[in-house]
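Reading through the structure tokens given below for one structure.
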Amino acid sequence: MEARLQKIISQAGIASRRAAESIILEGRVEVDGQVIRELGGKYDPELVEIRVDGKIISAPEAHVYYLLNKPKGYVSTASDERGRRTVLDLLPEIKERIYPIGRLDMNTEGLLLLTNDGELMNALLHPRYEVQKTYVARIATGLSEAALRALREGVKLEDGLTAPARVSVLETAPGRTRVEITIHEGRNRQVRRMFKAVGHEVLALKRTAFAGLSLEGVRRGEHRALTEEEIRSLYEKAGRQQG
Ligand code: URA
């Protein structure tokens, strides 16, 4: 969170607020390598490097990126006012303040990325970049041709027509049909609502891919750090240059 420079300095325990103001006016403070002599500038100490007399008092956290295979029964917010288990409970050893990139419903499992890189997170969630997400939905009965076509071409939901989706039936057996669907929108409960709109309740839902990443090698409830190559590819997909 942003705060006034003199407040950040005094909160670092270096000086009182008044003394911090003098330190700034004396030109002893640098923010990201630039000497700052004015009072009142606001900065986020988690995003900039601040030095007093050349000594670092606050540095941006290094960015970290994880891929989690979320099990059912966890909410994908960073905290839950109802005290339910959150996906962060599955990564107890991560000390950085990470957030999920988008959400999976409590009862949806599968691939969820988590990071403290807010810029990449916002870009990947922006509709403009059409990031692909693949899900496998289990439904009770086979899909009719008409339902299949509707899912592919777009179904009318209360928040508008869905964009065309890639849909294929993976398995049809009595009482058990599995359908793979790839969408690039990220509306709330979108896959469940799309199936409902064509007359099918989703009995189980799993996200198997996101932005070209898959769950391969990551068991349910487990996570791994992304590789440099994967991070670079996410930046590309989000139309960004890695900083
Ligand atoms: N669509 C849904 O219905 N649920 C999810 O968790 C993700 C996509």
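The values are calculated or read from the model by the stated rules, or taken from the named source; none is laboratory data. Please read these numbers as outputs of a predicted model, since none were measured by experiment. Cβ sites come from the backbone with ideal geometry, for glycine too, and all protein chains shown count toward neighbours. Please note that ligands, DNA and RNA were not included when accessible areas were found on the heavy atoms of the full protein model with its side chains. Shrake-Rupley method; radii C 1.70, N 1.55, O 1.52, S 1.80 Å.
Observations on the model:
- Cβ-Cβ distances below 8 Å connect the following pairs, each with a first residue in segment 203-220 that is of a type in the set (D, E, K, R), a second residue that is assigned to a loop (DSSP other than H, G, I, E, B) and modelled with pLDDT of 95 or more, and a separation of six or more residues or different chains: Arg207/Leu104; Arg220/Pro71.
To keep it simple, each residue is scored yes or no on (1) modelled with pLDDT of 95 or more; (2) polar (S, T, N, Q); (3) open to solvent by 80 Å² or more (accessible area, probe 1.4 Å).
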| site | (1), (2), (3) |
| --- | --- |
| Ile98 | no, no, no |
| Asp105 | yes, no, no |
| Gly118 | no, no, no |
| Ala123 | no, no, no |
| Ala137 | yes, no, no |
| Leu161 | yes, no, yes |
| Val179 | yes, no, no |
| Thr182 | yes, yes, no |
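- Taking the criterion of being assigned to a loop (DSSP other than H, G, I, E, B) and either under 23 Å from Pro100 (Cβ atoms) or within 13 Å of the ligand (Cβ to nearest atom) (or both), the residues of segment 171-199 that qualify are His184, Glu185, Gly186, Arg187, Asn188, Arg189.
- Checked against (1) under 27 Å from Pro164 (Cα atoms); (2) open to solvent by 20 Å² or more (accessible area, probe 1.4 Å); (3) touching a helix residue (DSSP H, G or I) at 6+ places or on another chain (Cβ under 8 Å), Leu213 passes all but a single condition, namely (2).
- In a residue-by-residue description of segment 137-145, the property of being within 10 Å of the ligand (Cβ to nearest atom), under 22 Å from the mean Cα position of the chain (by Cα) and more than 22 Å from Val75 (Cβ to Cβ) applies to no position.
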